[in-house]
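Peer 1: Right, I'll just put the structure down here and ask away after.
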Amino acid sequence: MAPTPADASDPAADQSPAVQAAFARLRSQFVAGLPQRWAEIVSTPPGPSRAAALHRLTGAAGGYGLTALGDAARQAEMAGGTDETLLAVRREIEAAGVTVP
């Protein structure tokens, strides 16, 4: 699996082909779920609940090799999840090939 431009690394790169294929399937499922995660984040008012949703995105994105998305989510979380900080998160979601409303 070749990383997309939004990726800094491929966590399964040094694994067997079977593991790489399984990881690719899981990553595809994660990416397909990004619109739902985005909707959850933007529909939640800034504050602890939004920060928690951003925190979950941070960890998951990093685990799937989408480090730029994880970094953007972490920055938004640390800034309190204000609407302004979500712009970078949205850009990284779109860089992963996902269209969000």
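The numbers here are math on the coordinates, done by the rules we state, and not lab data. Only a predicted model underlies this, so the values are computations on that prediction, with no experimental measurement involved. Positions of Cβ are generated from backbone atoms using ideal geometry, with glycine treated the same way; all protein chains shown enter the neighbour counts.
Peer 1: Report the extension gain between Ala22 and Gln75 in nm, rounded to one decimal, defined as 0.36 nm multiplied by the number of residues separating them, less their alpha carbon distance.
Peer 2: Taking Ala22 through Gln75 to full extension adds about 16.1 nm, to one decimal.
Peer 1: Here is a follow-up. Please build a GNM for the chain, connecting alpha carbons under 10 Å apart, and tell me which residue among Pro45, Pro17, Pro35 fluctuates the most.
Peer 2: Greatest mean-square fluctuation among the candidates belongs to Pro17.
Peer 1: How many angstrom lie between the Cα centre of segment 59-94 and the Cα centre of segment 17-34?
Peer 2: 20 Å
Peer 1: Compute the relative contact order of the chain as a whole-number percentage, counting only Cα pairs closer than 8 Å that sit 6 or more residues apart in sequence.
Peer 2: Relative contact order, the chain: 32 percent.
Peer 1: Quick one: Leu69, Leu54, fewest Cβ neighbours within 10 Å first, how do they rank?
Peer 2: Leu54, Leu69
Peer 1: With each run of n ≥ 4 DSSP H residues scored as -39500 (n - 2.57), what mean residue ellipticity at 222 nm is computed for the chain after dividing by its residue count and rounding to the nearest 500 deg cm²/dmol?
Peer 2: -20000 deg cm²/dmol
Peer 1: Equivalent ellipsoid semi-axes for the chain, as square roots of 5 times the alpha carbon gyration tensor eigenvalues: give them largest first, rounded to whole Å.
Peer 2: 25, 12, 11
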